[in-house]
Each structure stands twice: as C-alpha cells, then as structure tokens.
Amino acid sequence: MTLRHALTALFLLPPSALHAESPITITDRTVVFRHTGTDPEDPSNTSGYNFGPSVTALPDGRVMAAWFSSPSEGAVSQRLGQAFSADGGRTWGEPTILQDFEGAADFDPALFVAGKETFLFFSAIHPKLDVYFRRSGDSAKTWTEPVKVDQPNHTTRSNGIHLSTGELLVPLHLRGTKNGGVLKSRDGGATWTRFGAVVNPDGQGGEPTIAETKSGAIHMILRTKDGDLWRSVSRDRGETWSAAEKTGLTSTSCASHLLCTRDGTLVLTYNPGPDPHRFPLLIRTSRDEGATWGEPTLLADRPEKVGGWSICYPTLTELADGTLVAIWAQKKASSDVLYSDIHSARVTLGK
C-alpha cells in the first residue's frame, strides 16, 4: 500500500475506529450517590436533586467527593453531602452530611488539598448569598467551623489549587456569569484577597476553572453564553489576568473543569454544545500549555436518546499513581420528575 493510500484509508475510518486509538482510557464507571426521590414538591424528598460535585485526593490516600443535595435547586433544605473511596474511585462508601446551615441553601462545594490540609469552599444563602470556607488537618475527618469570606453575591464552583510558590488560589465569579476571578491567600489560608474580573467582549465570565502549568502560568477557562470556551492567563500568580480569548473549542453555557497533572498535561472536561444541550461530556488533553488540544474522548453521555437529560458539571483529581478520578452530575428533568445522581469514573492518560 502506498503512503497516499494509507492516509486515505485512515481518514475514511469510521469515528468509532478513530476513537479507539485515543490515548485516554475511561474505566471503573460507578455511581457515587443515587437520588432518593423524583418529586421536587415532596417534603420528604431531601436528596432527589444532587448536583455541583467536587472531588479531591486526600492526604491519607482516600478520595473525597462532595455535592449539594435537595428536592430542587435552591431549596432551603439544601445541604452538602459527602462520600469517600478507599480504592481510588472504584467504589464509594455510604454518604453523610458535610455541611448544612439550617434553613438555608448550601451549594457549590469546591475541594482542594494544600500539603496536609484540605479546604472546602462553598456558597450559601445565609441569609444573603456569600462564600464560606472550612478546613481540615486530618483528611476530612473533622472540620473547622465555616468562615465567611465576605464576597457578597459571589459563588465558588471549581477546585482551588496549591501553587508551586506555596500560595493558594480559589476561583469564583460574580453571580449571573458576569465575571471570573480568584481568591488568593499568601498565608496558608488565614486571609484571602479577591483578584481579577475576567470577561469576554460580551461581559460574560462565569464559573471559572484554573490550573497552574509547568511554566508557572495560571490558566483560567470561563463559562460564557456565546457557544465558545474562553481563556485568560495570569503570569503573576493570579493577581493580574490577560484579556479573555477564544480557545477554539465550542461549548454550551455550562461549567467545565481544568486540571494540570504532575507531568504538565492540561486536562479539560466540558460539554461541547450546541446550547442548551448539556451532553455529551468530553475530555481533552494539551501537552503545550493550551496552545493546541488533542482529539476529544467521550467521558459520559445521556443514558437514552430522549430529552430532559443533562450530563454536566465535571471535576477531576489526580491520584498518586497518575490515574485521574472524574465525577459529574447526571440529571433528568421533565414535567413530572426531577432527579440527579452523582457519577464517577477513573481516567488513564496515554503518553
């Protein structure tokens, strides 16, 4: 076979064959938490709607997942749940309550680890919307009481990061997808300062997700409503940010997640759109700090080809052996039911 014929044959391969050559492998799919009801009006349905998950690898080697749970989003009974895996995300233990302001809606947990400490950031309407954090020095066995950060009408979403310089960054945004920025701590989490107000030309910049690359640059990916993923970069540890620019990747208006592995690979999970479809959920990698992205691999899709499904709000964490654990929400909404489950999988990246 000539080279020309070989190349022609390659490009004529069906998509499934091309997908099989992907260096990204998805295994050990499981459900972290399954809904307990489907009627948002039923007062006994305390955990039918489970959304906004976060995941982190704890200092003791376990994996922790957190999410918010309620009959419907924003209910005053809404609280944060948690579950743990002792086998790298293959199986999950029984869920327990992580955080619950009585009579207030707790939501959008964001976990991250800095040395031996684990941080939980979350938002709550208590009585007005603000950001809070708690910290644990024993791998999430016990926690400090919640501390308000004094960022009214802001919410967190994506995981924070521990910079190579020792500083801490947590992404947050002004509610309504209006601008993205970070909270920064130079003193190990004792105090926090807000930096950045990143938007696209239409003034949108919601639910930012951040990662530090090998060069020391901090990359931020933003949710917008124009069908594109936008990026900004900070080269001074999160204090100033470049003008937002398109990544070249399409996306529905929904949260994405960005992670930099220990070997310097950027990993992005997102919904490609078109809007308003929040499915499928894709995963891509970049080995040149986001200049180019590899072909997508399917992380998850709706279980049946009918309306009402959302497969969205992913987060990732890296284990000691380089395996990634991904979690996300699988939601069903129709005229008569509303429910959502938290799913997970293990992800292996090829070299």
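No value in this document is a laboratory result; all are computed from the given coordinates. Every value quoted in this text rests on a predicted model; they were computed, and no experiment measured them. All Cβ positions, glycine included, derive from the backbone under ideal geometry; neighbour counts span all protein chains shown.
Observations
- Global form of segment 16-349, assessed from the alpha-carbon gyration tensor, a/c cut-off 1.5: rounded
- For segment 241-317 versus segment 190-224, the gap between their alpha-carbon centres in whole angstrom: 16
- Here the Karplus curve 6.51 cos²θ - 1.76 cosθ + 1.60, taken at θ = phi - 60°, turns the phi angles of segment 151-159 into couplings of 10, x, 6, 10, 9, 8, 7, 8, 4 Hz, with x standing for Gly and Pro.
- Under the combined filter of DSSP loop state and at most 12 neighbouring Cβ atoms within 10 Å, segment 269-351 retains these GluC sites (Glu not before Pro): E304.
- Cα shape, segment 88-174, gyration tensor, a/c 1.5 rule: oblate
- GNM result for the chain, Cα springs below 10 Å: residue of A57, A217, A65 fluctuating most strongly: A217
- Note on the chain: with a GNM built from Cα contacts shorter than 10 Å, the maximum mean-square fluctuation among T297, T209, T56 falls on T297.
- Length released on extending from K141 to I125, taking residue separation times 0.36 nm less the Cα-Cα span: 3.2 nm
- Using the Cβ-Cβ distance between T348 and S242 with R0 set to 30 Å, the FRET efficiency from 1/(1 + (r/R0)^6) comes to roughly 0.40.
- Exposure proxy for L229, L268, L129: other Cβ atoms within 10 Å of each Cβ, ordered fewest to most, give L129, L229, L268.
- Put a plus charge on the Cβ of each Lys and Arg, a minus charge on the Cβ of each Asp and Glu, and nothing anywhere else: the dipole of the chain about its Cα centre is then about 600 debye.
- Residue (of V325, S139, P303) at the positive-pole extreme of the chain, dipole from beta-carbon charges: V325
- Count Lys and Arg as plus one, Asp and Glu as minus one, and take only other residues whose Cβ is under 11 Å from that of A114; the net charge is then 0.
- Here the extension length gained between D87 and D321 equals 83.0 nm, from 0.36 nm per residue of separation less the Cα-Cα distance.
- Highest-fluctuation residue, H173, H219, H277 considered, GNM on the chain with Cα pairs under 10 Å: H277
- Helical runs (DSSP H, four residues minimum) scored at -39500 (n - 2.57) apiece and divided by the length of the chain put the mean residue ellipticity at 222 nm at -1000 deg cm²/dmol.
- Cα gyration tensor shape for segment 198-351, rounded if a/c is under 1.5, else prolate or oblate: oblate
- The simple Förster model, with R0 at 22 Å and r as the Cβ-Cβ distance, assigns R235 and D187 a FRET efficiency of 0.50.
- Full extension of the segment from D150 to E41, taken as 0.36 nm per residue of separation minus the current Cα-Cα distance, would add 36.0 nm.
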